[in-house]
1. Looking at (1) free of Cβ contacts under 8 Å to residues at least 40 places away in the same chain; (2) open to solvent by 50 Å² or more (accessible area, probe 1.4 Å); (3) part of a loop (DSSP other than H, G, I, E, B), can you tell me which one residue 29 breaks?
2. Pick from segment 58-78 the residues that are modelled with pLDDT of 90 or more and not in a loop (DSSP other than H, G, I, E, B): which of them is farthest from residue 163 (Cα to Cα)?
3. Identify all residues within segment 79-102 that are in a helix (DSSP H, G or I) and either touching a Cys at 6+ places or on another chain (Cβ under 6 Å) or farther than 19 Å from residue 47 by Cβ (or both); write none if there are none.
4. Only residues that are open to solvent by 30 Å² or more (accessible area, probe 1.4 Å) and not aliphatic (A, V, I, L, M): list them for segment 3-26, please.
5. When only residues in segment 168-219 that are among the basic types (Lys, Arg) and either closer than 18 Å to residue 78 by Cβ or touching an Asp or Glu at 6+ places or on another chain (Cβ under 9 Å) (or both) count, which is most open to solvent (accessible area, probe 1.4 Å)?
6. Give the residues of segment 143-167 that are surrounded by 11 or more Cβ atoms within 10 Å (Cβ to Cβ), within 30 Å of residue 111 (Cα to Cα) and hydrophobic (A, V, I, L, M, F, W, C), sorted by residue number.
7. List every residue pair whose Cβ atoms sit under 7 Å apart, with the two residues 6 or more apart in sequence or on different chains, where the first one lies in segment 62-77 and is more than 19 Å from residue 18 (Cα to Cα) and the second, anywhere, is open to solvent by 80 Å² or more (accessible area, probe 1.4 Å).
8. Can you pull out the residues in segment 74-117 that are within 22 Å of residue 10 (Cβ to Cβ), open to solvent by 30 Å² or more (accessible area, probe 1.4 Å) and of a type in the set (A, V, I, L, M, F, W, C)?
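The values are calculated or read from the model by the stated rules, or taken from the named source; none is laboratory data. Remember, predicted model here, so these are calculated numbers, not experimental data. Please note: Cβ atoms are built from the backbone with ideal geometry, for glycine as well, and neighbour counts cover all protein chains shown. Each accessible area value is taken on the protein alone, full model and side chains, heavy atoms only, with ligands, DNA and RNA left out. Shrake-Rupley method; radii C 1.70, N 1.55, O 1.52, S 1.80 Å.
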Amino acid sequence: MGLEKRSVAIIGAGVSGLAACKHLLERGCRPVVFEAGDAVGGVWPSAMEGTRLQAPRHMYRYSDFPWPDSVTEMFPNQRQVADYLHAYARRFDVLDCVRLGHRVTGMEYVGVAEEEVAAWDEWAGCGEAFGSGDGEWRLTVADAEGHIEVHTVDFVILCTGRFSNCPNIPKFPPGRGPEAFDGKVIHSMDYSKMGSEKAKEMIKDKCVTVVGYGNSALDIANECANINGMEKPCTMVVRTKQWIIPNFYAWGINISNFYLTRFAELLIHKPGEGFLLSILATVLTPLVLQHVSILYNS
């Protein structure tokens, strides 16, 4: 059975989900893309206004879809990235496959006994994506109004990413969590969803403490600094030290080309690597040492 005869569901309409749908359409398959949010582009449509790309724009783009000429900044902002992703989806007719406001709440593989699945050494017993055709995926999907639908497909592609609307909130001992704090506690995800104007109004003239040191933490701390200045300085509570890597060059080459591209996979030894990959990792070891040396000296 050709791919055009298969039913495929993609969960998530972010960067990866859009690309997966585009490539399936080119191969004759018409997938359905379930997106819990109200726009394509993953976290970018709802990201904070001051958020920018951390990588230069030429390293954050689809290989078959260049940035528009109107975007000249080295690090495009939130609106520019969101527009770029939407333009990609529109250009390759991906939008017609996307069902916005539809969250997948359950997924199970049916048609094959659990004992048989447990005995498989490889997926489907043969390592093939669609297997023998005996089994199928059953998805439970809730729309924006809470209505439940059940969809059955041959294959599922998970493109939920690491920022898929699931706040990472630590567990606190009883009586020592947010309820013990005499102030407002909000997760960065909810902060972003408030919208720029409401968020800025909330933190204006407030003493703000940001817990964490990830992308969102730095964006919020920067926004607090711009709004409140030195009058109400923002405090960051960081558990693990992290490096903020400057724009360094090694032997005339930007070091981001070594660790932000697929080339980085050749720099380190990996389990199960073959003879050629092992030789390459050994030969390229000086690049790793140079990278570490630059970070250490910085």
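1. (2)
2. Of everything passing the filter in segment 58-78, 65 is farthest from residue 163 (Cα to Cα).
3. 90, 91, 95, 96, 97
4. Once the filter is applied, which keeps residues that are open to solvent by 30 Å² or more (accessible area, probe 1.4 Å) and not aliphatic (A, V, I, L, M), segment 3-26 yields 4, 5, 6, 7, 16, 23, 26.
5. Filtering segment 168-219 for residues that are among the basic types (Lys, Arg) and either closer than 18 Å to residue 78 by Cβ or touching an Asp or Glu at 6+ places or on another chain (Cβ under 9 Å) (or both), the one most open to solvent (accessible area, probe 1.4 Å) comes out as 198.
6. Hits for segment 143-167 are 144, 153, 155, 156, 157, 158, 159.
7. From residues that are more than 19 Å from residue 18 (Cα to Cα), the pairs are 75/52; 76/52; 77/52.
8. Hits for segment 74-117 are 92, 95, 100, 104, 107.
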